[in-house]
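Down below is the structure, laid out as structure tokens.
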Amino acid sequence: MQAIILFGILAATYLMVIAKRGPALIRAFRYQSFCLFALTFIIALREHQIDLYIISGLLFALKVCLIPYLLYRIISRIKANEGLGLFVNAQLSLLWALVFTYLAWIFTTRLIAPGNTAQASMLAIAFFVVLAGIFLMIFRMTALAQVVGLLVMENGLFLLASTVSGGMPFFVEIAIFFDVFISVIIMGFFVYRINKFFTHIDVNKLSRLKG
Amino acid sequence: MQIFFILGIPLLLSLAALLIKKQKLFGIINASGYLAILFASIVLLKQVVLSGSANAYLSFIYLDTLSAFFIFVIATVSFATALYSIGYIRKDTREGVISERKARIYYCLFNLFCFSMFFVPSVNNLGMLWVAIEMTTLISAFLVGFYNNKKSVEAAWKYIIICSVGIIFALLGTILFSYAFSLASGGMKSLNWPDMVALAGKMDKNILKIAFIFILVGYGTKAGLAPMHTWLPDAHSQAVGPISALLSGVLLKTAIYAILRFGIIVTHGAGVQYFNNLMILFGIISLAISCVFILVQKDLKRLLAYSSIEHIGIISIGFGLGTPLAAMGALLHIFNHAVTKSLMFFSAANIVSVYKKHNMNAIRGVIKALPFTGIMMLLGMFALTGFPPFSIFISEILIIISAFTGGSYLIAAALLLFLAVIFGAFIYHFGKMLFGNLPKGMTVTRESLSGKLAFLFLFVQICALGVILLFTKKDLLCIAQNLFPR
């Protein structure tokens, strides 16, 4: 079961890398978050820990429902072009993503050297998700894609934390969730501002401050 | 007990800021609140240093000498900023740059920002440390984009995105540290600092090394260490005048504090050499890059921002040299840079609000137009570039002496070379700006009393404390000696 969910996370991440338009990107992000939720929930069922139930509940409420809803709202409200502004086209992006997957695998097996292969594959996927997030932030031009990239990186870290140390201490995990949620709200606020002043959200064209 | 006082006052004031309608009255209440915090932090520092032990409350708040010292630095600068804000915000509202309502929001955000910074050195848990530092970014982003124009929104966006990515790397590092901890302890789940440091010797060396690189890149972004510094000049130049001082004076230092916390674990677990080499490498890169940009800079506030990168580089080299003397120099430098740079940013804010421009080539005759600010800036410039008898000279000379005595001649030479070039550049830029004739159509401007008081408060710290600390150096040397294992 776990392997299928992990595969789902991997597939959702590939979907994000090849997405050309905002709504597609957010939908894929929702799939990814849902897989993470399912993973945590299964672990919670197995270990019967109240902490894990709460964390998976929060994951569902915030990352599957609320944050994608907010992102959709931003897209519809700013009425900007829905395209993400790809620096690298979809095919090439997919190629990059495959390279990242391989690099993440090498990194985990050589450097972290975990005990068993199940844990190794989970770690590798976590690192790959983080790398994919960085890729989205660098090679997509709109402010919205950067916000999603950041969220993807955070998802990768959540997976990493639950793999290596069985999650962070409970209240830290909760604090991080709210932190991420607040940062999405604040970034959304600034996306509106950028759209208002520049009439676009193309961060590549924000180049007034130099030197 | 003082810590609850220190954390509570900013929260209360942030609420009061929204309720009290009279701006001047609130400004004075605000400043007196921060004066109380300053006294509380001095009492706290004394208590912790004298008792020589750490205090922990409910395993959530943890205070040792290092954190008490950082709280003291934050309290000093935030008091000066609260004092300076009274005059600055009043002038802005009078001139119609911001509305009365916006001024109240300013005070509310200012207090929340200070609260989040006081929170950073007082938490016990390294995960909460991450949350606290992310909180400082989120709150101060509003203060960077406060004036709500194209430039400030752009600066705020770059600030929030670059720092958030950086801090995600720091979270990755934190997770790897907790992994190393759970391997060493046999499956325990804790990020509390005393637990971590107690087991540091048993942790896996390779994991610690990888994790520390992520920590250094992550928190280094927030600290403004060089190749990750790109947000810093934008944010510092666009933020509200008094806030630039807080950003440069103490926000960067809270990130340095986080690096030190993890650095101490690494020095116990993976050897001192590894930590030292990385810190020195980033320090030298920061110095080199800031040196080039200071030479060719045209914008006054950006010049000061690059100078912050330079000083963060010096601090990082100080900790990297690893001897107690150098660590003491670096600690002193944290304080000295905080007060000196605040003074410089306050005077820059005064100049910008009178001349309405940032470009140094277009500003002439500051001493004639703003006599008090001009003279303070001249003295502050000498202090900032490491001229005796000011305090930065003392901390820099401590670092350089320990580099020479430790046999790191190359590092000492590089440090001296960059400092000399930066000194020249400062004299060149500021000489043109401060002296010269009054521009046509400009009259001598009266400066507000609260602004002058803030300048004097900082100036006393720059002159006197640099000398006094030299004679009471025993306590600080004690902190520095206990900081790193030998």
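Any read-out appearing in this document is the output of simple, stated calculations on the displayed coordinates, not a laboratory observation. These numbers were taken from a predicted model, which means no experiment stands behind them. So basically every Cβ, Gly included, is an ideal-geometry build from the backbone, and we count neighbours across all protein chains shown.
The mean number of partner chain beta-carbon atoms within 10 angstrom of a residue's beta-carbon across peptide B:171-178 is 6. Using θ = phi - 60° in the Karplus curve 6.51 cos²θ - 1.76 cosθ + 1.60, the 3J(HN,Hα) couplings for the range B:354-370 round to 8, 7, 6, 8, 9, 6, 5, 5, 9, 9, 9, x, 5, 4, 7, 6, 10 Hz; x is entered for Gly and Pro.
Working from label points 7 Å from Cα in the Cα-to-Cβ sense, the B:Cys463 to B:Lys432 distance is 3.1 nm.
By how many nm would the segment from B:Leu295 to B:Leu417 lengthen if fully extended, with 0.36 nm per residue of separation less the alpha-carbon distance?
Details: separation 122, 0.36 × 122 = 43.92 nm, distance 1.36 nm.
Full-extension gain reported as 42.6 nm.
Under a Cβ-only charge scheme (Lys and Arg +1, Asp and Glu -1), can you give me the dipole magnitude of the range A:2-205 about the Cα centre, in debye to the nearest 20?
Values: 14 positive and 7 negative charges, 155 e Å.
Charge dipole, the range A:2-205, about its Cα centre: 740 debye, nearest 20.
Report, to two decimal places, the Cα Rg of the range B:99-184 normalised by 2.2 N^0.38 Å (N = number of residues). Provide the component values of the computation, followed by the final result.
Working: Rg = 15.9 Å, N = 86, 2.2 N^0.38 = 12.0 Å.
With N residues counted in the range B:99-184, Rg over 2.2 N^0.38 Å equals 1.33.
Here the ratio of the Cα radius of gyration of the range B:171-240 to 2.2 N^0.38 Å is 1.42. What's the FRET efficiency of B:Ser353 with B:Thr230 using the Cβ-Cβ distance as r and R₀ = 35 Å, to the nearest 0.05? After rounding, the FRET efficiency stands at 0.85. Stokes-Einstein diffusion of chain B at 37 °C, 0.692 mPa s viscosity, Kirkwood radius from Cα pairs, rounded to a whole number: 146 µm²/s. The Rg/Rh ratio of the range B:265-323, with both radii computed over alpha carbons and Rh defined as the Kirkwood radius, is 1.14.
Give, as a single signed number, the net charge of other residues whose beta carbon lies under 9 Å from the beta carbon of B:Gln238, with Lys and Arg counted +1 and Asp and Glu -1.
Values: positive: B:Lys151, B:Lys301; negative: B:Glu154, B:Asp234.
Local charge sum for B:Gln238: 0.
Can you figure out the FRET efficiency of B:Ile28 with B:Thr445, using R₀ = 25 Å and their beta-carbon distance, to the nearest 0.05?
On the way: r = 23 Å, r/R0 = 0.90.
The value I calculate is 0.65.
Rounded to two decimals, the Cα-based Rg/Rh of the protein assembly as shown, with Kirkwood Rh, is 0.96. In whole angstrom, chain A maps to an equivalent ellipsoid with semi-axes of 30, 21, 14, each derived as √(5λ) from the alpha carbon gyration tensor and ordered largest first.
Hey, with R₀ at 25 Å, roughly what FRET efficiency would B:Val272 and B:Asn206 work out to, going by the Cβ-Cβ distance, to 0.05?
Details: r = 17 Å, r/R0 = 0.67.
For B:Val272 and B:Asn206, the calculated efficiency is 0.90.
In plain terms, if you count all Cα to Cα distances in the range B:290-486 and split them into 10 Å steps from zero, the share in each step is 9, 35, 32, 17, 6, 1, 0 percent.
Annotation: the residues B:Thr267, B:Thr93, sorted from fewest to most other C-beta atoms within 10 Å of their own C-beta, follow the order B:Thr93, B:Thr267.
About the centre of its Cα atoms, chain B shows a dipole size close to 1260 debye [charges on the beta carbon of Lys, Arg (+1) and Asp, Glu (-1) only; nearest 20 debye].
So if each residue of separation counts as 0.36 nm, and I subtract the Cα-Cα distance between A:Ala3 and A:Tyr53, what length gain in nm does that give?
On the way: separation 50, 0.36 × 50 = 18.00 nm, distance 2.05 nm.
16.0 nm is the gain from fully extending A:Ala3 to A:Tyr53.
Exceedance of the 31 Å cut-off in Cα-Cα distance is limited, within the set B:Lys301/B:Lys452; B:Lys24/B:Lys368; A:Lys205/B:Lys209; A:Lys20/A:Lys205; A:Lys205/B:Lys222; A:Lys79/B:Lys253, to A:Lys205/B:Lys209; A:Lys79/B:Lys253.
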